[in-house]
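Novice: Just dropping this structure here.
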Amino acid sequence: MTDDITPTADGAEVSPDEAAGRARLSRRGLLGLAIGGGVAGLALGGVGGYALGAARVGEHDAGTPYAFFGAHQAGITTPVQEHLHFAAFDMMPRSDRDDLIELLQDWTYASARMTQGLEVSATGAVGGPAEQPPDDTGEALGLPASHLTVTIGFGPTLFENEDGDRYGIRDRRPPLLQKLPPFLGDDLDPASSGGDLCIQVCADDPQVAVHAIRNLSRIAFGRAKLRWSQLGFGKTSRTTAQQQTPRNLFGFKDGTANILADDTAGLATHVWVASGDGADWMAGGSYLVARKIAMLIETWDRVQLGEQERIIGRDKGQGAPLSGGEEATAPDFSSAAIDTASHVRLAHAAQNDGVRILRRGFNYVDGNNTLGRLDAGLFFLSYQRSPEQFIALQRTLSTDLLNEYIRHVGSGLWAVPPGAAEGSYVGAPLFA
């Protein structure tokens, strides 16, 4: 497919101008919004592109909204926000190719509006008839866009599962998109792992993030159902030099050596899929790994400070490597001050043949577990050009001293396609 042609659900091809002219939620998307009231088919009045001309949700925007359309999906190199709502979905058993394409078009339409501080449709939460369910759930009314980003990914089972090639895309599956292999120490819960599709929503306001997933889930009704989700707070990585390195729930700075948004060479080498990587429709995209990592908080809190620093390999206060210097100082792994099994040594690119990943994680606290301890930890998200980068790092970390205090309890891998052009939708090149 060329850049100036957009496929539709019925297989026809239209130009961006034609696609823009018909941009609106599909009837199925409207049905999802209206479930409970028994009414479908509300008029949305789209005007050109994914029309963003309606009134904003809030009068005052907290900073410039991030663009939804572009060469890459937002939410990867975008400055990491403070809050996360991550959701994995499974397509419904009797859904077909048209359902999948239409769902992606509907998600694109609604996401493009919400990321600009708009409601999911022109009718919104309060502009429709009183006898019909509103299009938008309304909890974000009066709130700014809060740097909302929506990032969509495709799991291995979307291309083929026990029911076979459901959507006629098996031969378009990237060779690298396979279920992650088991790793030492995995204690994965199937109910918090995998999924045909995923949506990563990040925002600086938790209510804005929850609003996005809530409404995208409604729109998916009848075509996809929520498999599992995770709320996160307090970013544990940075993607710009202007952001300070945040701390995880163990109290240590996390992601000091992360790939930053202005490192174009690093992104090209380690994050963005190239056209010769095995699936041309993925060029400009990336692979997303999500790992829910439970931290044994109470056990860690009884460990002496010096031992904590030995395990991590960095000073707890400033984040400097134990070999000396400041936080940004390159660790000297020839120094006896850094344990050979410390986390910083085993995770460092210098010890992994130059392998790097872009981290984008968040803390989570899900209340208490059955033992009365904090159910808390790190929701680890990483983007890489190939899943093999994550696999190599995770295998190296099998001897990490930190493993005594963490458990990997959830996991997933998704192909994140490139960004959509205005008038098109996320994933359109896959169906060309």
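Novice: Which condition does Ala283 not pass, out of (1) in contact with a Phe, Trp or Tyr (Cβ under 9 Å, 6 or more places away or on another chain); (2) within 27 Å of Tyr364 (Cβ to Cβ), if it passes all the others?
Specialist: Condition (2) is where Ala283 drops out.
Novice: I would also like to ask the following. Name the single residue, out of those in region 298-316 being in a loop (DSSP other than H, G, I, E, B) and within 32 Å of the chain's Cα centre (by Cα), that is nearest to Gly251 (Cα to Cα).
Specialist: Lys316
Novice: In this structure, is Gly319 at positive phi, without any contact (Cβ under 8 Å) to a residue 24 or more places away in the chain, in a loop (DSSP other than H, G, I, E, B) and of a type outside the set (D, E, K, R)?
Specialist: Numbers: at positive phi: yes; without any contact (Cβ under 8 Å) to a residue 24 or more places away in the chain: no; in a loop (DSSP other than H, G, I, E, B): yes; of a type outside the set (D, E, K, R): yes.
No; evaluated as a whole, the condition is false for this residue.
Novice: Please count how many residues of region 292-334 are acidic (Asp, Glu) and under 26 Å from Arg360 (Cβ atoms). Outline the logic, then answer.
Specialist: First, the residues of region 292-334 that are acidic (Asp, Glu): 298, 301, 307, 309, 315, 326-327, 332.
Filter once more, keeping what is under 26 Å from Arg360 (Cβ atoms): 309, 315, 326-327.
Residues that pass the stated criteria total 4.
Novice: Right, here's the next one. Can you name every residue in region 120-169 that is among the hydroxyl-bearing types (Ser, Thr, Tyr) and touching a Ser or Thr at 6+ places or on another chain (Cβ under 6 Å)?
Specialist: Filtering region 120-169 for residues among the hydroxyl-bearing types (Ser, Thr, Tyr) gives 121, 123, 137, 146, 149, 151, 157, 167.
Hit for region 120-169 is Thr149, nothing else.
Novice: Another question, then. Of all residues in region 151-203, how many are part of a loop (DSSP other than H, G, I, E, B) and in contact (Cβ under 8 Å) with a residue 40 or more places away in the chain? Before the answer, list the steps.
Specialist: Step one: filter region 151-203 for residues part of a loop (DSSP other than H, G, I, E, B), giving 155, 160, 162-163, 165-169, 173-185, 187-189, 193-196.
Still in the list and also in contact (Cβ under 8 Å) with a residue 40 or more places away in the chain: 155, 163, 166-169, 173-181, 183-185, 187-189, 193-196.
Residues that pass the stated criteria total 25.
Novice: Could you please tell me which pairs satisfy a Cβ distance under 8 Å, a separation of 6+ or placement on different chains, a first residue in region 64-90 that is without any contact (Cβ under 8 Å) to a residue 24 or more places away in the chain, and a second residue that is part of a strand (DSSP E or B) and among the aliphatic types (A, V, I, L, M)?
Specialist: none
Novice: Could you tell me whether region 47-61 includes any residue that is crowded, with 22+ Cβ neighbours inside 10 Å, touching a helix residue (DSSP H, G or I) at 6+ places or on another chain (Cβ under 9 Å), of a type in the set (Phe, Trp, Tyr) and modelled with pLDDT under 90? Steps first, please.
Specialist: Step one: list which residues in region 47-61 are crowded, with 22+ Cβ neighbours inside 10 Å, which gives 50, 57.
Retained after the next criterion (residues that are touching a helix residue (DSSP H, G or I) at 6+ places or on another chain (Cβ under 9 Å)): 50, 57.
Then keep just the ones that are of a type in the set (Phe, Trp, Tyr); that gives 50.
Those left that are additionally modelled with pLDDT under 90: 50.
Within region 47-61 (the criterion being crowded, with 22+ Cβ neighbours inside 10 Å, touching a helix residue (DSSP H, G or I) at 6+ places or on another chain (Cβ under 9 Å), of a type in the set (Phe, Trp, Tyr) and modelled with pLDDT under 90), the answer is yes, since at least one residue qualifies.
Novice: Would region 93-101 turn up any residue that is among the aliphatic types (A, V, I, L, M), outside any loop (DSSP other than H, G, I, E, B) and modelled with pLDDT of 95 or more?
Specialist: Initially, region 93-101 is screened for residues among the aliphatic types (A, V, I, L, M), giving 100-101.
Imposing the further condition that a residue be outside any loop (DSSP other than H, G, I, E, B) reduces the set to 100-101.
Going one step further and asking which of them are modelled with pLDDT of 95 or more, we end up with 100-101.
Scanning region 93-101 turns up at least one residue that is among the aliphatic types (A, V, I, L, M), outside any loop (DSSP other than H, G, I, E, B) and modelled with pLDDT of 95 or more.
Novice: I'd like the residue in region 64-84 that is within 12 Å of the chain's Cα centre (by Cα) and of a type in the set (Val, Ile, Thr) and, out of all such residues, is farthest from Arg359 (Cα to Cα).
Specialist: Thr78
Novice: Taking region 324-364 as the search range and keeping residues that are aliphatic (A, V, I, L, M) and free of Cβ contacts under 8 Å to residues at least 24 places away in the same chain, which one is surrounded by the most Cβ atoms within 10 Å (Cβ to Cβ)? Step through it out loud before you land on a result.
Specialist: Residues of region 324-364 aliphatic (A, V, I, L, M): 328, 330, 336-338, 341, 344, 346-347, 349-350, 355, 357-358.
Cutting the leftovers down to free of Cβ contacts under 8 Å to residues at least 24 places away in the same chain gives us 330, 336-337, 350.
On the way: Ala330: 11, Ala336: 9, Ala337: 16, Ala350: 11.
Per the stated criteria, the residue is Ala337.
Novice: To continue, here is another question. Go through region 254-275 residue by residue and tally those that are hydroxyl-bearing (Ser, Thr, Tyr) and crowded, with 21+ Cβ neighbours inside 10 Å.
Specialist: In the first step, residues of region 254-275 are kept if they are hydroxyl-bearing (Ser, Thr, Tyr); the result is 256, 264, 269, 275.
Next cut, crowded, with 21+ Cβ neighbours inside 10 Å only: none.
Of the residues in region 254-275, 0 are hydroxyl-bearing (Ser, Thr, Tyr) and crowded, with 21+ Cβ neighbours inside 10 Å.
Novice: Quick check on my filter: what residues within region 235-248 are surrounded by fewer than 18 Cβ atoms within 10 Å (Cβ to Cβ), over 29 Å from Gly306 (Cβ atoms) and either β-branched (Val, Ile, Thr) or without any contact (Cβ under 8 Å) to a residue 60 or more places away in the chain (or both)?
Specialist: Thr240, Ala241
Novice: What are the pairs with Cβ atoms under 8 angstrom where one residue, in region 213-233, is within 12 Å of Ala87 (Cα to Cα) and touching a residue at least 60 places away in the same chain (Cβ under 8 Å) and the other, located anywhere, is of a type in the set (S, T, N, Q) and in a strand (DSSP E or B)? Sequence gap at least six, or different chains.
Specialist: Ile213/Ser229; Gly232/Asn363
Novice: Moving on. Return the pairs, sorted by first residue and then second, in which the second residue is buried (at least 24 other Cβ atoms within 10 Å of the Cβ) and among the acidic types (Asp, Glu), the first residue lies in region 412-430 and is under 14 Å from Trp281 (Cβ atoms) and touching a residue at least 12 places away in the same chain (Cβ under 8 Å), the beta carbons are less than 8 Å apart, and the residues are 6+ apart or on different chains.
Specialist: As it stands, the answer is none, since no pair meets every condition given.
Novice: I'm trying to understand the selection: among the residues of region 390-432, which are more than 14 Å from Ile293 (Cα to Cα) and of a type in the set (Val, Ile, Thr)?
Specialist: Matches in region 390-432: Ile391, Thr396, Thr399, Val416, Val426.
Novice: Kindly indicate which of Gly232, Gly222, Gly251, Gly278 is small (Gly, Ala, Ser) and crowded, with 18+ Cβ neighbours inside 10 Å. I'd like the intermediate steps shown before the answer.
Specialist: Values: Gly222 fails: crowded, with 18+ Cβ neighbours inside 10 Å; Gly251 fails: crowded, with 18+ Cβ neighbours inside 10 Å; Gly278 fails: crowded, with 18+ Cβ neighbours inside 10 Å.
It is Gly232.
The values are calculated or read from the model by the stated rules, or taken from the named source; none is laboratory data. Note that this is a predicted model, so its numbers are computed, not measured. Backbone-built Cβ (ideal geometry, glycine too); neighbour counts: all protein chains shown.
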